[in-house]
Each structure stands twice: as structure tokens, then as C-alpha cells.
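The values are calculated or read from the model by the stated rules, or taken from the named source; none is laboratory data. These figures come from a predicted structure and were not determined experimentally. Virtual Cβ from ideal backbone geometry, glycine too; neighbours counted across all protein chains shown.
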Amino acid sequence: MDDQQITGSRSDRHGGAEKDHSSEAAPTKKKKKRRFWKAFKIFSFVSLSAAIIGGGAAAGYVATIAKRAPVLDLNGITNMAATTKVYDSDKQFMFALQGDGNRDLIKSTEDVSPFVVNAFISAEDKNFRSHFGINPYAMARAFAQNAIGRSIKSGASTITQQTIKNAMFPEQDRTWERKIQEAYLAIQLEKQLTKDEIIVTYLNWIYFGKSGTENLYGIERASKSIFNKSAKDLNLAESTVLASLPNNPSLFNVYENLDNVLDRQEYILREMLQNGYIDAAQYEEAKKFDISADLQSVQQKKEIKAGLFPHLNAELETRAAEELLKTGKYESLDQARQALFRGGYQIYTTIDRNLQTTVDTVLNNPDFYPKNLTYDVTDNKGKTTHVENAMEQSGATLIDNKTGRVLAMGGGRNYEQDQINHATRARQPGSTMKPIAVYGPAIDMKKIGSGSVIDDVPMVWPDQNAADGKYFPMNWDKKFHGLMTVRKALEQSYNIPALKVFHDITPKAGLDYVRKMGVTTLVPEDENLSAGIGGLSHGLTVLEATSAYTTFPNAGVWRDAFMIDEITDRDGNSVYKHESKTDQVFSSNTAFIINDMLKDVVRKGTASEVGRKFPSIPIAGKTGTTNEDKDAWFIGYTPDVTLGIWVGYNLPRTLLSGEGNRPKKLWNEIMAELLPTQKEHAEAFFPNPGGVRQIGICSYSGKLPSELCNQQKAVSTEMFLAGSEPREQDDVLVKAKYFEVGGKKFLATDSTPAYLVKEGVFIKRDKYELPDNNKSYLPLDWEMELPAGDAKDGVSVQSDKTPNGLKITASTTNSISLTWNAVSGAKSYLILRANSEAGPFQIVEEVTTPAFTDPSVQTGTSYSYQVVALDNDGAHSAPSSTVTVTPGQVSLAVPSSVQATPAPVGLTISWSAVPNATGYTIYRNTEAGGTFQKVGSTSDTTFTDVGALPGATFYYKVTALAGSQESNASPPVKGTVSGGNGGTGNNGGPAGDGNSGTGSQTGKAQPPSSVGITKTANGLVINWGSASGAQSYVVERSTNGSTWAQVGSATDTSYTDSTAEANQKYYYRVRSVSADGTTSTPSQTVSGTK
């Protein structure tokens, strides 16, 4: 014991010369002899117990094992440990795990608080002062229990035995042989050391667990690390807290499980009170002591020193301990961990040292992160936590796709401030769940293909956890995008399509696929819709999420990710060798389709930043963000490796603007270093395994393209598993005639006015509801939705308030201006336009004032206009009269209602005003035919021809003037001035013969009868019967039955309208023209369509 310099009288080994205990007389030879025989009896008792349980041969077996025990060497008792070394994938040394030599030794019980020894005795071995190294009764009970259980399950170790185990058996094996040898050596140790020497040795060896990155061995090191004071300065509360830890350092961890620690502390305090080590007042005082505040004060002052690959060091330590525990040699993970620190193991890892250095260098580069933040976080229970100087953190994992070997693992940045391993800490995964839980499973189940179409419209699902009982999800951009392919939905990471698919396959089915890919953080409560877009109880770790994604480039086969290839003991014997686990999660055909879709995410979707960085490298991947952008992910892969990156804050808060792209930037930095170093790499992902069909589909339905779909250029080539490809033709895209009322479209019917009818291409979709009828939730393609049926709010009800006074007020080479008389009660006016007076007319604008300027005209083209009034109820009037004009010219109508009547001197000619006319010219002749001579002009609508001589008969025509333009002449009218006596003269109508005094017309033609219409290849042929008195006929046409224009004339009884347009309905009527030019009333109306 020279290394420990243990002091204290050997006479106190049975309980004397120790604090608070009376001394015993020095031992005599007789007493030593009795003690030896007592020890022999105890050992025999143990052997007897074994014999009773295991058979007669067991006693001999026990004796044989005891003889094989190592020699008790007091001088070497502190030098039994060996360092465990860690090697990289090339079997080159990387670092050693922290050993147990980092301890501050105490020399005697004087170096600790008076409460420490008694607290440990009360906690671990209350009979320590009286036994001889072992507790025979406890051992008998433990042997019996363990024998029945066929393994070592119940312990009965005294402090002496624990000292032997810690000092002489660093591998901590849990076997019968070790237990027997521990008992045998404990008895020997009691013969050579005093009780104080044993407890001092015990307190120097004992393992207290971890404090941050530090493994705590020995009471002095634990006291300084946890309470920042020497063990001799510990109070009762602090002493009992430390005494609580060695029983189970993981369960009783002051930083992670303080409540458990305080429960055990109270047990120890009760034992100390019962055993007389403390009084009631001390008991109560210790219970009231605020351990939590004490710990927090110390933690704020602690400094963490990071070694080489610190996060990796801690992770490998844990994983190696877990594998050693599985061998069955250790009772707990803590014992396995202790064995690592002292057992001299060699750990051979999968880590590529260069890649690990690259990952750590990139993640620790402060230039890649924003400044630290100070903020408050309020949890679901309303508790607010103040966070100061918080770093934006990151975690990364790089895995070889073919083998599952973890090539590098980045736990985070600035280990000195933050020891959390963010590669193994679960965080909400966001949309990275969509390929592995939604689209991959749905394709594999033949529910969808990449070309299946989902309607991204508002959806509301029941949710018992929501305040209003409803779950109303949104897309990341707060918009709804309408009909889209699955490929597009994944490329742009829209939520609604993913949730619809997840609902169809059921959350349980989708998450079962995820579990097959090694994800261990899922719980039954996760089987709900929100899990499909990353809403999980705990989330995913970067390591497990990255491992899941290796399934796709590996043709649907998942291989478990591992970091430790082999562990050997100090003698080179293999104690653990990794055996890969595989599972064919997806068919290779499904994986082929997912790879192709995720390549689009990188090429032109949410990860296009990566595609631009590596345009010639085959890369696929998926981004992920969570609600309020508190977590950001990118998991990308090449055919060879998969790299997953997470970014966020330890206590989640919204990332700063633009930081949602940080994972992609880190991914680019790491891969820019990695890709050039790959000696052998695949040039492309694996080819079509043969079960994938590539088919042209209509992007509005996911079905086979129709002719209309081709016309709309809405055809794309997509992938489906054989047997799941579409077989029906598209029926979503349709062509239909419609009209608009108040900005809303309706399907047209036969009763719809022709000028309202338009033709368009629409989509037929299932009905959906807008939450709160909020129009902002309309999908972006809502204007393509097939209109409803005929509006019955006034379109078929004609108002009697027809606009009048329509005229051209201006005509330039690029615009035409109109005005008309305002209509009382009109809400607005529809401006109708056609290329001829015969129509068809179409709406060009809706205005609210009685004026309109049409800027969309072309020079040299004639335009005809009409106006329709709309009232507040939506009722339409009949169209107004028609005005026709050529841009830059004013079209003038022929003056009508021309009459010649006697005047005091001569004849007065009168007519109706012509719109847009600025003046009129009057022409005269002595007969109805022949050449007429100008006799005057006026800006009024009357003119007196004073040159008309009494007794003479004259014929007159009138033209309208507008600037330099002149209209056609009106039909001739006759007038006669009789006798020159100024009396009543003869008057004339159009070309009338002018009976004296009455001005009556003679020879008036009758209207045509038996009018009919026939459709021919050349147009529509109108026929009628011969009319009495008719010299010729004029044919009039209308597109609405109310507004008419002359379309032609004929001298026989038929007329062919070759200007009629296909599919347009026309109305026709015929007038007879007599010899004097007068026209009859119109015939009956007929209609036809070419």
C-alpha cells in the first residue's frame, strides 16, 4: 500500500481507532487464530451453500476456483488497470479512453469529512465494522437466488469485496469464478489491512459516474468535480449525495436524475439516523439543504476541456460499453463502462480519420454560423426558460451506403461549451420523413407512382388534441397549389399531398417501414397524420435518419449503421465482432423511383443549392424544416455515401432568416472536401431493375393523356411500378362554353346571350371547403375550375333599360372612344365588339360609366360596337343600336326619315339626326334616277330649297358629313310645289309619286312571305316568296334577334350568306323594295347555324 501511503493503526481493522467508535484491545495471537477459523467457517458456509444448490461436486469446484485466485499484492493494488485504445478504420491509433488514473488520492480517513465514511457504510455495508470481508448470510441468500435464476442476478458484496473487485479485477466480469475469488481475496485482505485502510482504498477506487465529459474515480475527485471542494469539507447533505452515486452511477446522476439521487440520499440519511451516526436535528438539516442550487453554482464555474474528437470519444465509449454489457460479463452498463477505462481493451472503429477531421472542421467553423442569441423559451406547461448566449448548433453523420459503416460523426460545435452529441440526440425531422414514411411506402404498396396526381387544396381532419377538434395543416409557403404530381409535391416539399397519401396508406403502415430502417425513437403515439410531415413525440436522431436514407441508394436494402467493428481484450482475444443486419425494406424498383424523385429535389427543388454546387455528380436528397423553422435538415446521398445534417438550437427557437438553408451549406462544404478524395465511386445510381414502367401521363390527372391534354402541353413522362400504371384516359381536363357574371364564371346554356358566351379549358376536381370561407385559401389553379351551371340571377332575365345615344366620340389609328346616354339604375355596362355589324359580338370590357375607350384596335380593320346595361340584380338589357367605325375614321349612318314638304317659298327637306355627323349635304334631281346635284348644306336637320319652282316636281337625297367624310345618300324623296300660290303643295316620301295635297305614297311593296333557311357548304341560303310591288329585296341579319343590319340584297327570291361563321347562330329577315325605293315592313324571322 506504499502507493497510497495508507495510515492508521492495524489494531482498528475490526472497528477500533476510528472516528466516533471506541477502540478495541490490540489483537492477540489467540484472537488471530479465532479469526482465521471464523473466516474458514464462513468460506465453508459459502461452499456448503453452493453444494446444497448445485450438488455435491460444487464444494470442490469452489475450492478449486479459490486456489486459482491471483495473489493479493498490496503494493500493486493500484496498478492493475490498463488503458483502452481506439483505432480508426485503417487500424491506426486515434485516442485512448479516459482511464481511472485521473484521481486525487486520499491517504487516510482524516482526509474526508466525518460524515463520508459513515454515509458509505450506511449505504453499502452497514456490517462493515463487524464482518471478516464477506457477509455469509447475504452471500447464502444471493447464491441461492442466483442459482435458481441460473445466472448472477443478486449481489451480496461488502465494501471489502467491492474493493477487491475494483482493484484486482478491472474487467469487472460477472461470473461465478470471479465472485468466488472476490470472496476468497476479501477474507485475505481483511487479514492484512485495517478497516480504515480498506475504506480508504475503497473510497479511492470507487466509480462515481460522469460529470460532463469526465469519468469520476475516487471520493476526492468526485467531491471537487461535483461540489468544487475537498472531501474533508463536505457537509452531511453533500456526503450522502456522493454516497448515493456508486450504487448505480447512471440511475443516480446528479445532473440528469437528481430526483433519483435525492430519494437514495434520504434512504442513507435514515440509515445513518437509525445506526446512531447522526441525530434528528442533523437529519432534518440535511434534508432541507438545497443540493440543486449547490450544483448549479458549481456548474457555472466549471470548465470543460475537449480532447481529440471529443464527441466521437464519448459516443464510442458508450457504444463499446453497451456491446460489452451484451456479453453477459457485467451486471450493469456502469460496470461495463468501468471495465473499458481499466481493462486495456482495443476498439477498432469504422471511422475514417480524414473524413472525421473534415466534418469536425466544417462544423466548428464559426464563419458558417450567425452570432449567439439570448432568448426566452416557454414550454407546453407555461414554464419560461431564459437562455443566454446560445449557439446555433449542428450535427452530422456520414455513412457508407453499401456496408453501413459510419465514416464520420459530427456531434456539434464548440465542445467546451456544449457537450451534447447532436448526431445522436432526437430532434423533429420535418419533411425528411416524407420519402421514408409516406412516398416510399405508398409506391412500394402500389398505391401511387411518381406521376400520380394529388390535389393540394385545403383539408381539415379531426384532431382530438386540438382546441377546436380540427387539424388544419398548411404548406411551408402558406399557399395551396392545386393539382400536382407526386414528383412535384416531393420536389417542392408540399405538406398537403404528403398528408393525403399518408392518410390513405395509414400512419401505422408508413411508420412500420421506418422502423424497419433502424429507427428506434418512434412510439405508438406517433401513429397519427402529423407524423407524415415530421410531427413526432421525440423525433429522429441524425444518425438513425441518415442510416434510413442509405436504404434508397442501396436498392431498397437497409444495413444497420455501426461505428465499432471489433473489440479485443488486453490479450488480443476478440470479445465483440460486428455482424451486419440487413432488411429488404423496399423493392429495388421502389428505391429506383424514389432515387429519381429525390434527384429532382436536388436539381430543381428545395435543395437546388446542392445541385448547383455539384452539377455533374449524381446526388439525391431531401430537405426538412419544422414548425416555426426551429429545426432544419438536409440528408443527401450519392451512390456511395449518405450525409445527414441537422441545424438548430438546444432549446428550440425559430432560426434566423436564411438559416433554414444552413444544413445544405454545411453539406456542400463537407462534400466538396470528400468527393475529390474518393478513389472509387459510382458514376450513377443503380439502373432500372426491370419492374419500373415509364409512361406519359396528363399532369392534371395522372391518367393517360387525352387530345386536349396534348393540346395544352400538359404531358410528362413518369414512373410506376409494373401493375400500378394508369390505364384510363384523362377526364379532368375539359373544354366548355361559359359566361361571366360579376367576375364569376358559369356554364353557358342555349338561353345564354351569344355575346356572353366564351370557350375555355377547365379542370374537374373534387369539392373542397375553405376554412372560415377564407378566399385566401383558394388553390393557385382555382380559376381553372369548371364553372357551375347556368346562373339564374338575371342573365336570362332581360332588363327593359336599353342604352341609347351610342356614338363614336373619337377615332384614332390606335383607339376608338364611345359614349352613350346613362341608363337609370344601371350598375355597369358591357361593351360588345364585332368585326361587322352582323356579329358575332363578344364582351371586351365592363365599365361603370357611360363612356369607353378601346385601345386594342388595329388600323384598317372595321369594328362594330354595342352596349348592354346591367342592373344591381345582374339583369342584362337588350343590346343598344350598333355603331361601326374604322380606326382613324368616323363611320356615318345614312340619314333616315327624309321628307320633302311645301314651304312658303320652295320645299323644306327634313331628316333624323345622324350620330357623329357634323353637317349634312342636300342633293336634288328632277327624276328619281340619274345624277343628283348639290343644292345646299347645313348643320341642322332641315333645309329649305327656295329654288324649287312652283308647279315643278323634284327628288331629294341627303348625306351626313363628319370632317372630310361623307355618308352614303339617303333614298330619293319627291316633293312638288303647286301653282306657286303659296297654298298647300304636294309632299313626298321616299321616291313617292306625291299625290296633290296629301303627300301619300303609291305603289308600296308588300313584305315577303314563306321565308326559309337552308345550310349549304357555301353558307346559309335564305329563300322567300315573291312579294307584290317588289322590284328588289334587302336581307337583314342579327346574332341576337334584336339588333339588325343589312347583310345583302337580291333581285330574285334567294340570297346566300357566305360570311356566316361556323357554329354561330344567326337570325334573318327580308324586306321588299318598291320601284320608288321605299321598303316594306320586315318579313317573319328565321334562324340557322352554319
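Here are some notes:
- Residue 909 touching an Asp or Glu at 6+ places or on another chain (Cβ under 7 Å) and not assigned by TED's automatic domain parsing to the domain that holds residue 1039: yes
- Checked against the criterion of being among the basic types (Lys, Arg) and either part of a strand (DSSP E or B) or without any contact (Cβ under 8 Å) to a residue 40 or more places away in the chain (or both), region 510-520 contains one or more residues that satisfy it.
- Check on residue 802, under 13 Å from residue 886 (Cα atoms) and either of a type in the set (Asp, Glu) or in a loop (DSSP other than H, G, I, E, B) (or both): no
- Contact annotation: residue pairs with Cβ atoms under 9 Å, 6 or more positions apart or on different chains, pairing a residue in region 761-783 that is assigned to a loop (DSSP other than H, G, I, E, B) with a partner that is modelled with pLDDT under 90 and surrounded by 11 or more Cβ atoms within 10 Å (Cβ to Cβ), are 769/460.
- Those residues of region 1031-1060 which are crowded, with 16+ Cβ neighbours inside 10 Å, assigned to a loop (DSSP other than H, G, I, E, B) and not β-branched (Val, Ile, Thr), in sequence order: 1040, 1044, 1060
- The set of residues in region 1008-1043 being touching a helix residue (DSSP H, G or I) at 6+ places or on another chain (Cβ under 6 Å) and without any contact (Cβ under 8 Å) to a residue 24 or more places away in the chain is empty.
- The condition (being surrounded by fewer than 24 Cβ atoms within 10 Å (Cβ to Cβ) and either in contact with a helix residue (DSSP H, G or I) (Cβ under 7 Å, 6 or more places away or on another chain) or more than 30 Å from residue 341 (Cα to Cα) (or both)) is satisfied by just one residue among 577, 599: 599.
- A count restricted to region 555-568 and to residues that are farther than 29 Å from residue 684 by Cα and surrounded by fewer than 18 Cβ atoms within 10 Å (Cβ to Cβ) stands at 2.
- The residues of region 877-929 that are within 28 Å of residue 753 (Cα to Cα), in contact with a Leu (Cβ under 7 Å, 6 or more places away or on another chain) and crowded, with 21+ Cβ neighbours inside 10 Å, listed by number, are 879, 880, 883.
- Answer residue from region 724-759, given it is at pLDDT below 95 and small (Gly, Ala, Ser) and is nearest to residue 1043 (Cα to Cα) among those: 754
- Subset of region 533-549 that is outside any helix (DSSP H, G or I) and among the small types (Gly, Ala, Ser) - its residue that is surrounded by the fewest Cβ atoms within 10 Å (Cβ to Cβ): 537
- Evaluating residue 567 against the criteria (1) in a strand (DSSP E or B); (2) under 30 Å from residue 618 (Cα atoms) leaves one unmet condition, (2).
- Among the candidates 592, 586, 552, residue that is part of a helix (DSSP H, G or I), aromatic (Phe, Trp, Tyr) and either touching a residue at least 40 places away in the same chain (Cβ under 8 Å) or in contact with a Pro (Cβ under 8 Å, 6 or more places away or on another chain) (or both): 592
- Among the residues here, residue 250 qualifies as of a type outside the set (Val, Ile, Thr) and either assigned to a strand (DSSP E or B) or within 46 Å of the chain's Cα centre (by Cα) (or both).
- Test for residue 385: is it modelled with pLDDT under 95 and of a type in the set (Val, Ile, Thr): yes
- Residues that are at pLDDT 95 or above and among the hydrophobic types (A, V, I, L, M, F, W, C), drawn from region 656-673: 666, 667, 670, 671, 672
- Residue selected from region 634-692 under the condition of a type in the set (Gly, Ala, Ser) and outside any loop (DSSP other than H, G, I, E, B), by the criterion farthest from residue 380 (Cα to Cα): 672
- Selection status of residue 478, among the basic types (Lys, Arg), part of a loop (DSSP other than H, G, I, E, B) and under 26 Å from residue 719 (Cα atoms): no
- Residue match in region 668-691 (condition: over 26 Å from residue 407 (Cα atoms), in contact with a Ser or Thr (Cβ under 9 Å, 6 or more places away or on another chain), surrounded by 14 or more Cβ atoms within 10 Å (Cβ to Cβ) and β-branched (Val, Ile, Thr)): no
- For region 700-709, the criterion of a residue being at pLDDT 95 or above, out of contact with any strand residue (DSSP E or B) (no Cβ under 6 Å at 6 or more places or on another chain) and not in a loop (DSSP other than H, G, I, E, B) is satisfied by at least one position.
- With respect to the conditions (1) among the basic types (Lys, Arg); (2) within 25 Å of residue 717 (Cβ to Cβ); (3) touching a residue at least 60 places away in the same chain (Cβ under 8 Å), residue 559 falls short on a single one, namely (2).
- Any hit, region 1068-1079, residues being polar (S, T, N, Q) and closer than 21 Å to residue 864 by Cβ: no
- Residue within region 1077-1086 that is surrounded by 14 or more Cβ atoms within 10 Å (Cβ to Cβ), of a type in the set (Ser, Thr, Tyr) and without any contact (Cβ under 8 Å) to a residue 40 or more places away in the chain present: no
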